[in-house]
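Everything on this sheet refers to the single structure shown next.
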Amino acid sequence: RILSVDDESPARDELNYLLSLEIGVEVVGEADSGAAAITMAAQLKPNVIFLDVQMRGMDGLATASVLRSILPETLIVFATAYDEYAVRAFEVGSV
């Protein structure tokens, strides 16, 4: 059970397509902002959240901090091309 989060629709579409190719994986929701991700995650309780780092408004790192506090068992995977966020990503408990 996966929630995909990216403020760019084409990026979400591509990620969801790639995830759909995996057996046993279900994308249960998608969000286009950090605030929407928090709301949806609280309702859907996904096992994994794929999260973009650079988003308008609340960025992925701030979003991950909130998600970690409300869903501590949910895995967070940052989907980004920016390697400079790696250390901060692990600090908020991403995988």
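For the subset of the stretch 9-46 comprising residues that are in a helix (DSSP H, G or I) and of a type in the set (Val, Ile, Thr), which member is least open to solvent (accessible area, probe 1.4 Å)?
Among residues in the stretch 9-46 that are in a helix (DSSP H, G or I) and of a type in the set (Val, Ile, Thr), the one least open to solvent (accessible area, probe 1.4 Å) is ILE38.
For residues that are assigned to a helix (DSSP H, G or I) and out of contact with any strand residue (DSSP E or B) (no Cβ under 8 Å at 6 or more places or on another chain), scanning just the stretch 52-79, find the one that is least open to solvent (accessible area, probe 1.4 Å).
LEU61
Would it be correct to say that ILE49 is surrounded by 14 or more Cβ atoms within 10 Å (Cβ to Cβ), on the phi < 0 side of the Ramachandran plot, at pLDDT below 95 and not basic (Lys, Arg)?
When the stated conditions are applied, ILE49 does not pass them.
The values are calculated or read from the model by the stated rules, or taken from the named source; none is laboratory data. Note that this is a predicted model, so its numbers are computed, not measured. We place every Cβ from the backbone using ideal geometry, glycine too, and count neighbours over all the protein chains shown. SASA here: full protein model, heavy atoms, side chains in, ligands and nucleic acids out. Shrake-Rupley method; radii C 1.70, N 1.55, O 1.52, S 1.80 Å.
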